[in-house]
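Quick notes on the structure that follows.
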Amino acid sequence: MLKVPEHQVAGHIAKDGKLGPLVDNQGRFYKPLQGDARGENEAKFYESFSSNKNVPDHIRGYFPVYHGVQLVEASDGSGKLPHMVLEDVVSSYVKPSVMDVKIGSRTWYPDVSEEYFNKCIKKDRATTTVSLGFRVSGLKIFDCQESRFWRPDKRVVLAYKADGARTALRKFVSSNSLADDSVPDCAYASEVYGGSDGILVKLLEVKAWFETQTLYHFNSCSVLMVYENDSGGDERRAQVKLVDFAHVLDGNGVIDHNFFGGLCSFIKFIQDIL
Ligand SMILES: O=P(O)(O)O[C@@H]1[C@@H](OP(=O)(O)O)[C@H](OP(=O)(O)O)[C@H](O)[C@H](OP(=O)(O)O)[C@H]1OP(=O)(O)O
Ligand SMILES: Nc1ncnc2c1ncn2[C@@H]1O[C@H](COP(=O)(O)OP(=O)(O)O)[C@@H](O)[C@H]1O
């Protein structure tokens, strides 16, 4: 039996009869192919990426494992629809804190329609995409003091300026209460962002690949960060995955300077917190 993911923080959400992703209890995430080119483009990317021998093994680990396309009952009640079957990145976590950060100083790309370009540029300017080269798309943090999840409204998140993004990245690794205006204590920063297996080291590994990779251009892609807050587990298990490949294009031998530049800027924010 498929159900609506509990820890989805951005994108199209399967609620109120809308089409969105579903999960099973075996660690798989079912992302419906949208009825336009986006779904097909993303499935095509996963097919290409999974069989691309030029992708180093250590980089593959930064992408959800792809298990092909399957027809499953869609969340909007419209019957069976093709879904990409992906590794559910959060399924093994009990109390995950999750943040989706869309990388790049633009989300549009060459040859899109004028309508799509206008929609993107408006959002890129209104958010920190243009000014910082990334924007926080959504987050959900386990508030250890209140012992419950805290999730800011999407409109609040999309209105973040540089300070808002910085504060969100600090709150993400803090132990003090999140709903009020107290100064984030960054109690888990060294464990989650720092350390030999922390988020910074992982982002630097991804960045090193982007310094030379010319296979794909990752337009409008996100870095998904996850870590564990369950007191039963003794490790934070910080994780980084790239998600959302609906707008990936062939790299045609050219560096993906949009993603690369945005990633460098994002890394600098993490380094400053550390
Ligand atoms: O519909 P919206 O306004 O929620 O926009 C979606 C975006 O949500 P946002 O408001 O930026 O958090 C959404 O962004 P996130 O995945 O939430 O970062 C996508 O940009 C989505 O477009 P696509 O599926 O990537 O082509 C966007 O969907 P479309 O409007 O292009 O269908
Ligand atoms: N493989 C995955 N495992 C777990 N959660 C995922 C996975 N892929 C996406 N998500 C969740 O769904 C959200 C939206 O994903 P995304 O691929 O960006 O969808 P959309 O194309 O609707 O924007 C992410 O922010 C994340 O919370």
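The values are calculated or read from the model by the stated rules, or taken from the named source; none is laboratory data. Values in this document were obtained by computation on a predicted structure and should not be read as measured data. Note that we place each Cβ from the backbone using ideal geometry, even for glycine, and neighbour counts take in every protein chain shown. Please note that ligands, DNA and RNA were not included when accessible areas were found on the heavy atoms of the full protein model with its side chains. Shrake-Rupley method; radii C 1.70, N 1.55, O 1.52, S 1.80 Å.
Report relative contact order for the stretch 96-272 in percent, whole number only (criteria: Cα-Cα under 8 Å, sequence separation at least 6). Here the relative contact order equals 28 percent. Pairs with C-alpha atoms separated by more than 28 Å, drawn from the list Lys140/Lys207; Lys53/Lys140; Lys140/Lys241, are Lys53/Lys140.
Rounded to the nearest 20, the Cβ-based charge dipole of the chain about its Cα centre (Lys and Arg +1, Asp and Glu -1) stands at 480 debye. Of all aspartates and glutamates in the structure, the ones whose alpha carbon falls short of 13 Å from that of Lys171, not counting any fewer than 8 places away in one chain, are Asp143, Asp163, Asp180, Asp181, Asp185.
With the convex hull constructed from alpha-carbon coordinates only, the stretch 22-87 shows a mean projected area of 4.8 nm² over all directions. In the assembled protein chains, Arg148 presents an accessible area of approximately 140 Å² (probe radius 1.4 Å). How much FRET efficiency would the formula 1/(1 + (r/R0)^6) give for Lys122 and Ser231, where r is the Cβ-Cβ distance and R0 is 45 Å, rounded to 0.05? With R0 = 45 Å, the Cβ-Cβ based efficiency is 0.55.
Applied to the stretch 55-66, the Karplus parametrisation 6.51 cos²θ - 1.76 cosθ + 1.60 on θ = phi - 60° returns per-residue 3J(HN,Hα) values of 8, x, 4, 5, 7, 3, x, 8, 10, x, 5, 9 Hz, with x for Gly and Pro. Atom-type composition of the exposed protein surface of the stretch 19-141 places 50 percent of the accessible area on carbon and sulfur (1.4 angstrom probe). Largest first, the residues Tyr93, Tyr116, Tyr193 sort by 1.4 Å accessible area into Tyr116, Tyr93, Tyr193. Determine the distance separating the Cα centre of the stretch 175-211 from the Cα centre of the stretch 70-137; give it in Å without decimals. Answer, in whole Å: 22. A Cα-only calculation for the stretch 121-211 places Rg and Dmax at 14.5, 42 Å.
Computed over protein heavy atoms with a 1.4 Å probe, the accessible surface of the stretch 96-272 works out to 44 Å² per residue. Proximity of backbone amide H atoms, modeled 1.01 Å from N, is registered between Asp143 and Arg148, Phe149, Trp150 at under 5 Å, excluding neighbours fewer than 5 places apart on the same chain.
From its DSSP helices (H runs of at least four residues, each -39,500 (n - 2.57)), the chain gives a residue-normalised ellipticity at 222 nm of -9000 deg cm²/dmol. A simple count of charges around Gly164, restricted to other residues whose Cβ falls under 13 Å of its Cβ and scoring Lys, Arg +1 and Asp, Glu -1, yields +3. Hull volume per residue, based on the alpha-carbon atoms of the chain and their convex hull, is 133 Å³.
By its C-alpha gyration tensor, with a ≥ b ≥ c as the square roots of the eigenvalues, how is the stretch 15-157 shaped: rounded for a/c under 1.5, else prolate for a/b larger than b/c, else oblate? Because its axes are fairly even, with a/c under 1.5, the stretch 15-157 counts as rounded. Here's the list of aspartates and glutamates a cross-link from Lys161 could span, going by alpha-carbon distance under 14 Å and ignoring same-chain residues fewer than 8 apart: Asp124.
When the residues Cys221, Cys264 are ordered by accessible surface, computed with a 1.4 Å probe over the protein chains alone, the sequence from largest down reads Cys264, Cys221. At full extension, Lys80 and Lys15 could sit 21.7 nm farther apart than now, given 0.36 nm per residue minus the alpha carbon distance. Cross-link reach is defined here as a Cα-Cα straight distance under 26 Å, omitting same-chain residues fewer than 8 places apart; for Lys80 the lysines meeting it are Lys3, Lys15, Lys18, Lys31, Lys44.
Rounded to the nearest whole Hz, the Karplus-based 3J(HN,Hα) values (6.51 cos²θ - 1.76 cosθ + 1.60, θ = phi - 60°) of the stretch 69-83 follow the sequence 10, 10, 7, 9, 4, 6, 5, 8, x, 8, x, 6, 9, x, 10, with x at glycine and proline.
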